[in-house]
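Asks: Once you've had a glance at the structure underneath, I'll fire off some questions.
The values are calculated or read from the model by the stated rules, or taken from the named source; none is laboratory data. In this text, all values refer to a predicted model and were calculated from it rather than measured experimentally. Reconstructed Cβ throughout: ideal geometry from the backbone, glycine too, with neighbour counts over all protein chains shown. Side chains included, ligands, DNA and RNA excluded: accessible areas come from the protein's heavy atoms. Shrake-Rupley method; radii C 1.70, N 1.55, O 1.52, S 1.80 Å.
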Amino acid sequence: MTQSSNILRVDASARKAGSTSRALTDALIARLAPDHIVTRDLTEALPFVTEDWVGANFTDESERNDAQKAELALSDSLVDELVAADTLVIGTPIYNFAVPAALKAWIDLIARARKTFHYTAKGPEGLLTGKKAYVLIASGGTEVGSEIDFASGYLRHILAFVGITDLTVIAADRQMMRGEAALDQALEKVTSA
Ligand SMILES: Cc1cc2nc3c(=O)[nH]c(=O)nc-3n(C[C@H](O)[C@H](O)[C@H](O)COP(=O)(O)O)c2cc1C
C-alpha cells in the first residue's frame with residue numbers, strides 16, 4: 001500500500017446516490033486514510049475550454065494580460081490541486097464507451113503545456129512525476145480492458161502523458177451481467193490495492 005498524505009479525489013459520476021464508482025472511491029480513501037484530502041466533485045460542472053482560453057494558454061505567461069490571467073485562473077487552481085497531491089484517486093463511470101464529458105472537461109483543464117507536460121526534442125514529457133494514481137471504474141455492460149472500452153486506456157495514456165505512470169485500475173464492470181458481485185469483487189481488490 002502506498003503511504004498517502006495528500007489525496008486529490010476526483011468524482012465523475014453524475015450520481016451521488018447509488019453510485020458504484022463513488023462507493024469504490026469511498027472505500028479506497030477510507031483504506032488509504034490520508035492526512036489531507038481535496039475533493040473535486042465534477043457534478044459541480046467545469047467549463048469547456050474556449051477560444052479565449054486557448055489564446056491565453058498559448059500566450060507566454062510573462063505576456064498575459066489580466067483578462068487572459070483570469071481566463072486561466074480556474075485551470076491554474078486545478079493544476080495546483082493536482083501538483084499538491086501525492087496521490088490521485090479518480091472514480092468514474094463509463095458513459096457511452098468513454099469517460100464522462102465532465103471528466104474530459106477536467107482533463108482539458110489540467111493537461112497544460114509548460115505546466116503539466118512539455119515537449120523536448122525527443123517528444124512529450126510529463127511533468128507530474130512521483131505521484132501514485134488509482135482509477136476506479138464502474139460500467140454496465142462494457143468490459144474494462146476490452147476493445148470497446150475507450151475509458152481506461154485513455155485515462156492510462158493521458159495520466160502518463162502528464163507524468164503519472166504509477167497507476168492502479170480497479171473496475172466494477174459489467175454490472176448488468178455480474179450483478180452485485182461486480183462491486184463486491186472490486187471492493188475486495190480495493191482492500192489490497
Ligand atoms: C449516460 C450514460 C451512459 C452510459 N454508457 C455506458 C456504456 O457505454 N457502457 C457501459 O458499460 N455502461 C454505460 N452506462 C452505465 C454506467 O457505466 C453504470 O451505470 C455505472 O455504474 C455508472 O457509474 P456510477 O454507478 O458511479 O454512477 C452508462 C450510464 C449512463 C448514465
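Asks: Given the residues G153, G140, which is the only one that is surrounded by fewer than 20 Cβ atoms within 10 Å (Cβ to Cβ), at pLDDT 95 or above and touching a helix residue (DSSP H, G or I) at 6+ places or on another chain (Cβ under 9 Å)?
Replies: From the options G153, G140, the qualifying one is G140.
Asks: I've got another one for you. Looking only at the range 67-126, count every residue that is in contact with a helix residue (DSSP H, G or I) (Cβ under 8 Å, 6 or more places away or on another chain) and not hydroxyl-bearing (S, T, Y) and tell me the total.
Replies: Final tally of qualifying residues: 28.
Asks: Return the residues of the range 43-75 that are surrounded by 14 or more Cβ atoms within 10 Å (Cβ to Cβ) and either in contact with an Asp or Glu (Cβ under 6 Å, 6 or more places away or on another chain) or among the charged types (D, E, K, R) (or both); say none if nothing qualifies.
Replies: V49, W53, A56, R64, E71
Asks: Looking only at the range 82-112, filter to residues that are open to solvent by 30 Å² or more (accessible area, probe 1.4 Å), over 12 Å from the mean Cα position of the chain (by Cα) and away from the ligand (no atom under 12 Å from the Cβ); which one of those is nearest to K132 (Cα to Cα)?
Replies: D86
Asks: Return the residues of the range 160-192 that are more than 17 Å from V144 (Cα to Cα) and surrounded by 18 or more Cβ atoms within 10 Å (Cβ to Cβ); say none if nothing qualifies.
Replies: Once the filter is applied, which keeps residues that are more than 17 Å from V144 (Cα to Cα) and surrounded by 18 or more Cβ atoms within 10 Å (Cβ to Cβ), the range 160-192 yields V162, I164.
Asks: Shifting gears a bit: Show the residue pairs meeting these rules: Cβ distance below 9 Å; 6+ apart or different chains; first residue within the range 7-25 and acidic (D, E); second residue in a strand (DSSP E or B) and open to solvent by 10 Å² or more (accessible area, probe 1.4 Å).
Replies: Close Cβ pairs (under 9 Å, with a partner that is in a strand (DSSP E or B) and open to solvent by 10 Å² or more (accessible area, probe 1.4 Å)) amount to D11/T39; D11/R40; D11/D41.
Asks: Shifting gears a bit: If you scan the range 1-26, which residues turn out to be surrounded by 18 or more Cβ atoms within 10 Å (Cβ to Cβ) and either more than 13 Å from the ligand (Cβ to nearest atom) or at pLDDT below 95 (or both)?
Replies: Those that are surrounded by 18 or more Cβ atoms within 10 Å (Cβ to Cβ) and either more than 13 Å from the ligand (Cβ to nearest atom) or at pLDDT below 95 (or both): S4, I7, L8, R9.
Asks: Just give me the residues in the range 129-164 being over 20 Å from D11 (Cα atoms), in a loop (DSSP other than H, G, I, E, B) and more than 9 Å from the ligand (Cβ to nearest atom), in sequence order. It would help to see each step written out before you state the result.
Replies: Initially, the range 129-164 is screened for residues over 20 Å from D11 (Cα atoms), giving 129-130, 141, 143, 145-148, 161, 163.
Then drop every residue that is not in a loop (DSSP other than H, G, I, E, B), which leaves 129-130, 141, 143, 145-148, 163.
Scanning the range 129-164 gives T129, G130, G145, S146, E147, G163.
Asks: Based on this model, can you work out whether A30 counts as open to solvent by 30 Å² or more (accessible area, probe 1.4 Å), at pLDDT 95 or above and among the small types (G, A, S)?
Replies: Judged against the criteria, A30 is a match.
Asks: Which residues, taken from the range 47-59, are over 24 Å from the mean Cα position of the chain (by Cα) and either small (G, A, S) or modelled with pLDDT under 95 (or both)?
Replies: G55
Asks: Now a separate question. Any chance you could count how many residues in the range 165-193 are assigned to a helix (DSSP H, G or I) and hydroxyl-bearing (S, T, Y)?
Replies: 1
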